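Worksheet: the structure to be examined is printed underneath.
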Amino acid sequence: MAPHVTTVLTVARAGAGVVRYLIRPARHPVLDLSATGRDPWLEARPQARLRRGANVARRGLGLVMLLVLALLGASVVGTVAVLLGIGAAAGSTVAGWLLGFTLLLGLLGTFWTGRRALNLLRATEDLPAGADRAAALPAGADEAGLLQLLRQHEGALGAPARSAFHRTVVATRDALRLAENEPTLSRDTYDVQQAAREDLPELMAAYRAVPPSRASDEQLLEQLGLIEARVQEVGSRRAAQRRRMLGAHGAYLRGKYEGEPEE
């Protein structure tokens, strides 16, 4: 008899561990450009698709498990509530108190299930503490931080906000690349670095800290538009400057190698 009980307990513990794993939002390792030695923006497409597919499958299984648990809990609570309701109708004070306690447990279970389901649907990848600090970071670290910020928040945004967020992050990344290797820290470069290190992380943190509403979505879109316009202005200016430098270098080479030959 005892070995059978031990087997049942072992299987129950294993099943509980699987259920906890499925209903908990997935967490992924943070990409560190200095550690991997490669640009995380150039992540291989098959690898990215495989990772996204695994995340979607895990979320789907987690939601199914939550639905099964909710149905089981509802059936148990409903049965007990019916029995206690009969007792309360018969004049039993104890049955009345137990009925109230059972209904309270049902409400708590409903709240817990809804919260878990919402966490699964809005699950994002975590940033390490201090990843968004405005420290003296190299451009590659700024790009990696932008990519991590994108992955952290894109799953929690609606379609219009997600599209605007993508555009702003990509525009900031492009401006960072165009402003790289400048001999001095100009105002344009400083603004782009601040957008990547402080403005975007602080904006997304503030947006996620307030309850979802139409007003907060409008404010997010407005502020993303301001950041996007500024970094695009810097990027356009830096691109024009590089084109002028390229043209000047071409003129120098033509004068050097196509000049009048010496007699």
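What to note about this one:
- Residues of the stretch 156-176 satisfying the condition of being surrounded by fewer than 16 Cβ atoms within 10 Å (Cβ to Cβ) and touching a residue at least 12 places away in the same chain (Cβ under 8 Å): GLY158, PRO160, HIS166, ARG167
- Qualifying residues in the stretch 215-255 (those that are among the hydroxyl-bearing types (Ser, Thr, Tyr) and more than 19 Å from ALA179 (Cβ to Cβ)) - the one modelled with the lowest pLDDT: TYR252
Let's see how each residue does on (1) over 15 Å from LEU157 (Cβ atoms); (2) buried (at least 16 other Cβ atoms within 10 Å of the Cβ):
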{"residue": "PRO201", "(1), (2)": "no, yes"}
{"residue": "ARG208", "(1), (2)": "no, yes"}
{"residue": "GLY225", "(1), (2)": "no, no"}
{"residue": "ALA229", "(1), (2)": "yes, no"}
{"residue": "GLU233", "(1), (2)": "yes, no"}
{"residue": "SER236", "(1), (2)": "yes, no"}
{"residue": "MET245", "(1), (2)": "yes, no"}
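- Residues located in the stretch 65-109, provided they are in contact with a helix residue (DSSP H, G or I) (Cβ under 9 Å, 6 or more places away or on another chain), closer than 30 Å to ASN119 by Cβ and either among the hydroxyl-bearing types (Ser, Thr, Tyr) or outside any helix (DSSP H, G or I) (or both): THR102
- Scanning the stretch 130-146 for residues that are hydrophobic (A, V, I, L, M, F, W, C) and at pLDDT below 85 yields ALA131, ALA134, ALA135, ALA136, LEU137, ALA139, ALA141, ALA144.
- When the stretch 177-196 is filtered for residues that are in contact (Cβ under 8 Å) with a residue 24 or more places away in the chain, out of contact with any Lys or Arg (no Cβ under 7 Å at 6 or more places or on another chain) and charged (D, E, K, R), the ones remaining, listed by number, are ARG177, GLU180.
- Elements of type helices (runs of 4 or more DSSP H) in the stretch 161-263, at least 1 residues being within 17 Å of the chain's Cα centre (by Cα) and of a type in the set (D, E, K, R): 200-209, 214-257
The values are calculated or read from the model by the stated rules, or taken from the named source; none is laboratory data. Quantities reported herein were computed from a predicted structural model and do not represent experimental measurements. Quick reminder, even Gly has a Cβ in these numbers, built from the backbone with ideal geometry, and neighbours come from all protein chains shown.
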